[in-house]
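K.L.:
Handing you this structure, nothing more for now.
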Amino acid sequence: MRVFGFDLLPYPEHLDHLKVDGELPYPLPRKHFRPALAVSNYREHLDAWALMEELGFDGVGFNEHHTSPYGLMNSPNIMAAAAAQRTTKLKLLMYGNLLPLHDPLRLAEELAMLDCLSNGRIIAGFARGIPREHNVYKVPLRDSRARFEEAWEIIRRAWTEEVFSYEGRFWSYADVAIWPRPVQQPHPPVWVPVTGSKETIEWAGRHDIPITPGLLPIRGVREDIIRYYARCLAQHGHRLTPHHLIIQAGAYVADSKAQAVKEAGPYLLYFNRTLFSHGNITEADLQRDAGYLSAGSYAYLRPENLPFVSGARERYRDMTLADVEREAEHWPWGTADEVAERLIEAADHAGASTVLINVNRGAMPNEMFGEQLRRFAGKVLPALQAHTVSRVPLA
């Protein structure tokens with residue numbers, strides 16, 4: 001199995017003291033931002049990614065978010081360029097560039113540059129982005145899906161064709177040949193995160209693109225996504241393999257489950273209560289009303305799994321430490337042996353040969369983040385990398 005770290009790179013100062021009626025104000029004004037903290041935060045996370053390579057991780061994942069302390073990685077490409085100069089072997093996963101929001105030709109060029117800068121270590125993940133970011137960039141939510149698919153077609157052609165022209169609904173180009181070209185041929189690997197929309201699963205199946213099945217590690221949702229993805233792949237002549245699946249999980253290694261909850265619980269609560277939906281609508285019914293989701297986006301899911309993709313705010317805003325303690329009984333939190341066992345069991349159940357691990361979801365202090373990486377690498381990482389997933393049972 002391959003093991004990637006995933007880093008949201010949140011603003012390092014906890015901002016609960018700014019809440020009004022339980023919510024962090026949006027937009028959050030300039031006066032609350034401390035540039036010196038951002039300077040040290042970028043440096044510390046670059047150090048952490050270099051440490052990941054030293055410890056033997058296979059890769060690190062970057063993300064794109066905007067206008068919120070949720071994450072300071074407005075451009076994953078800039079962060080990957082910096083990481084490329086600090087590492088030599090680590091895979092650099094963009095997870096992902098938000099296709100509806102940007103000029104796709106510019107993204108094709110930047111990712112080609114990154115592939116050259118890193119000597120072929122880029123994985124080009126693409127995503128649609130959340131409603132908040134569409135509103136910031138003045139991109140209608142109803143156009144999100146069409147813009148995503150058109151942008152991918154432009155990027156694919158820019159990477160693979162000698163010279164291309166394109167006349168589309170949103171972008172048009174005439175007689176373009178990009179320089180530089182990617183090191184990896186015909187182009188860098190492409191992955192896509194799937195929060196649950198059947199349209200994204202169908203797109204990935206059509207183009208034979210690996211997915212991360214589910215925003216949350218809910219077993220029933222993951223099963224439904226994988227089964228539907230297998231059918232979509234088959235409809236287009238492709239066969240589902242473990243290399244098509246990347247599962248994600250939050251992990252925390254401690255001397256006991258109780259210690260893990262005590263140490264990591266407050267940071268998870270900060271993420272859920274303060275950062276997760278800052279300035280955003282997560283509720284599926286509101287996203288459907290806005291045109292971001294279609295009426296049938298979750299039609300393939302079993303009824304019992306629909307509550308887990310509802311985006312209901314109370315599911316995370318009202319979480320307590322007692323809830324964390326109860327839920328953690330099923331999480332890869334605890335001793336190294338338990339963490340490894342739970343992650344391997346999850347990978348075997350899904351049939352996934354890659355795991356994407358987040359050990360710093362709620363703006364942990366840098367020392368705590370580094371210590372977690374070392375503890376995870378001590379016993380968990382070797383156990384995962386020694387394990388082979390050879391089949392997808394759900395297929």
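K.L.:
Taking T320, is it open to solvent by 20 Å² or more (accessible area, probe 1.4 Å), at pLDDT 95 or above and of a type in the set (S, T, N, Q)?
P.N.:
Criteria met by T320.
K.L.:
Please work out which one of (1) farther than 16 Å from R121 by Cβ; (2) in contact with an Asp or Glu (Cβ under 8 Å, 6 or more places away or on another chain); (3) open to solvent by 50 Å² or more (accessible area, probe 1.4 Å) is the condition H45 fails and give its number.
P.N.:
Against the list (1) farther than 16 Å from R121 by Cβ; (2) in contact with an Asp or Glu (Cβ under 8 Å, 6 or more places away or on another chain); (3) open to solvent by 50 Å² or more (accessible area, probe 1.4 Å), H45 comes up short only on (3).
K.L.:
What is the residue count in region 349-367 for residues that are assigned to a helix (DSSP H, G or I) and surrounded by fewer than 18 Cβ atoms within 10 Å (Cβ to Cβ)?
P.N.:
3
K.L.:
While we're on this one: Answer yes or no as to whether G205 is in contact with a helix residue (DSSP H, G or I) (Cβ under 7 Å, 6 or more places away or on another chain), buried (at least 16 other Cβ atoms within 10 Å of the Cβ) and at pLDDT below 95.
P.N.:
The answer is no for G205.
K.L.:
Within region 261-299, track down each residue that is farther than 21 Å from P10 by Cα and in a loop (DSSP other than H, G, I, E, B).
P.N.:
Matches in region 261-299: E283, G291, Y292, L293, S294, A295, G296, S297, Y298, A299.
K.L.:
I need every pair where a residue in region 10-33 that is at pLDDT below 95 has its Cβ under 9 Å from the Cβ of a residue that is in a loop (DSSP other than H, G, I, E, B) and surrounded by 14 or more Cβ atoms within 10 Å (Cβ to Cβ), sequence separation at least 6 or different chains.
P.N.:
E23/S277; E23/H278
K.L.:
Let me ask something else about it. Within region 145-183, which residues are touching a strand residue (DSSP E or B) at 6+ places or on another chain (Cβ under 7 Å) and in contact (Cβ under 8 Å) with a residue 40 or more places away in the chain?
P.N.:
Correct list: W152, I154, A158, Y173, V176.
K.L.:
Can you find, within region 236-260, the residue that is least open to solvent (accessible area, probe 1.4 Å) among those that are part of a helix (DSSP H, G or I) and farther than 24 Å from H349 by Cβ?
P.N.:
Per the stated criteria, the residue is Q259.
K.L.:
How many residues does region 378-395 hold that are closer than 18 Å to K257 by Cα and not basic (K, R)?
P.N.:
Number satisfying all stated conditions: 2.
K.L.:
Looking at region 110-127, is at least one residue farther than 30 Å from G56 by Cβ and of a type in the set (V, I, T)?
P.N.:
Scanning region 110-127 turns up no residue that is farther than 30 Å from G56 by Cβ and of a type in the set (V, I, T).
K.L.:
Report whether or not Q287 is more than 14 Å from M364 (Cα to Cα) and crowded, with 17+ Cβ neighbours inside 10 Å.
P.N.:
yes
Residues checked against (1) closer than 30 Å to P189 by Cβ; (2) not acidic (D, E):
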site	(1), (2)
H14	no, yes
P25	no, yes
V39	no, yes
A50	yes, yes
E54	yes, no
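The values are calculated or read from the model by the stated rules, or taken from the named source; none is laboratory data. Only a predicted model underlies this, so the values are computations on that prediction, with no experimental measurement involved. So basically every Cβ, Gly included, is an ideal-geometry build from the backbone, and we count neighbours across all protein chains shown. Ligands, DNA and RNA are excluded from the accessible area calculation, which covers all protein heavy atoms including side chains. Shrake-Rupley method; radii C 1.70, N 1.55, O 1.52, S 1.80 Å.
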